[in-house]
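See below for the structure under consideration.
The values are calculated or read from the model by the stated rules, or taken from the named source; none is laboratory data. Small disclaimer: the values here were computed from a predicted structure and weren't measured. Cβ placement follows ideal geometry from the backbone for every residue including glycine, while neighbour counts extend to all protein chains displayed.
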Amino acid sequence: MIPAAAAAAAPSFAPLQSLAALPPFDLELGSSVVIAAILIALLVWLWRWERRRRQRQARIQAVTSCGFEHLRDVLVPDGQGGSLHVDFLLLTVRGVVVIDLRDVAGNIFGGDQMNEWTVMNGAQRYTFTNPQTGLYDRIAAVRALAQDLPVEGRIVFTGRGRFPKGLPRHTLSLESLTAEFPMSDRMAVSDLLERYTAPWDLLKKSVSPSRLAVPRAAL
């Protein structure tokens, strides 16, 4: 007779017997599946990286196409021993345009008298400092270097951002930038550009490269 304790323990071998009945693991097939999954993940990452790269290039082209010449990602001395990052400086028929490029996704609510602007993007909600003050500082720094060359500035938002209540002062969408600063025929404005040459060259010599090489989000 089988002892009661042994009889009670016998069923515990059933799972092991079930595992033993399974077909043997195909190591070669398993390795192929893992490699295929890694390759698919790599291809997806490369596709996303290339898409972001092309988007950045398109933004840069959209901005720089408004100027006869441009400087990108430079540090401008602020006159107090420091420097200010500037995304773009464009030489146009209206003089120099300081461009602060912002890539913000969602609905943006801001105004000239508001210290903080609010972004609502689905369930996400956050605020960022009114960028107009920073733009004014950059314009002042550039004016101090550009002699009598006219200087103005714009805060340009990419197409991912929308202003349901209207655009604040000195704020543009990237799509409307070319409408406000259309490119003119260089020959038709050659006399004007000749007057701009000396102060523009001085401005170029006064700035230095900046390491902030991508459009900033809301900061």
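Hey, any hits in region 149-168 for a residue that's among the small types (Gly, Ala, Ser), in contact with a Pro (Cβ under 9 Å, 6 or more places away or on another chain) and under 19 Å from residue 73 (Cβ atoms)? Checking region 149-168: not a single residue is among the small types (Gly, Ala, Ser), in contact with a Pro (Cβ under 9 Å, 6 or more places away or on another chain) and under 19 Å from residue 73 (Cβ atoms).
Rundown of residues vs (1) closer than 21 Å to residue 73 by Cα; (2) of a type in the set (A, V, I, L, M); (3) touching a residue at least 40 places away in the same chain (Cβ under 8 Å), yes/no style:
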position: 124; (1), (2), (3): no, no, no
position: 138; (1), (2), (3): yes, no, yes
position: 170; (1), (2), (3): yes, no, no
position: 173; (1), (2), (3): yes, no, no
position: 191; (1), (2), (3): no, no, no
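Restricted to region 47-85, and to residues there that are without any contact (Cβ under 8 Å) to a residue 60 or more places away in the chain, surrounded by fewer than 17 Cβ atoms within 10 Å (Cβ to Cβ) and basic (Lys, Arg), the residue that is farthest from residue 173 (Cα to Cα) is 48. Among the residues making up region 146-187, those that are over 23 Å from the mean Cα position of the chain (by Cα), surrounded by 13 or more Cβ atoms within 10 Å (Cβ to Cβ) and either assigned to a helix (DSSP H, G or I) or of a type in the set (A, V, I, L, M) (or both) are 146, 149, 151. Number of residues in region 84-106 that are farther than 24 Å from residue 194 by Cβ and either among the basic types (Lys, Arg) or outside any strand (DSSP E or B) (or both): the value is 4.
All of (1) surrounded by fewer than 16 Cβ atoms within 10 Å (Cβ to Cβ); (2) free of Cβ contacts under 8 Å to residues at least 60 places away in the same chain; (3) within 17 Å of the chain's Cα centre (by Cα) hold for residue 88 with one exception: (1). Among the residues of region 194-209, are any at positive phi, part of a loop (DSSP other than H, G, I, E, B) and either surrounded by 15 or more Cβ atoms within 10 Å (Cβ to Cβ) or touching a Ser or Thr at 6+ places or on another chain (Cβ under 6 Å) (or both)? Looking through region 194-209, none of the residues is at positive phi, part of a loop (DSSP other than H, G, I, E, B) and either surrounded by 15 or more Cβ atoms within 10 Å (Cβ to Cβ) or touching a Ser or Thr at 6+ places or on another chain (Cβ under 6 Å) (or both).
For region 48-83, the candidate set comprises residues that are closer than 26 Å to residue 139 by Cβ, part of a helix (DSSP H, G or I) and of a type in the set (D, E, K, R); within that set, the residue that is modelled with the highest pLDDT is 59.
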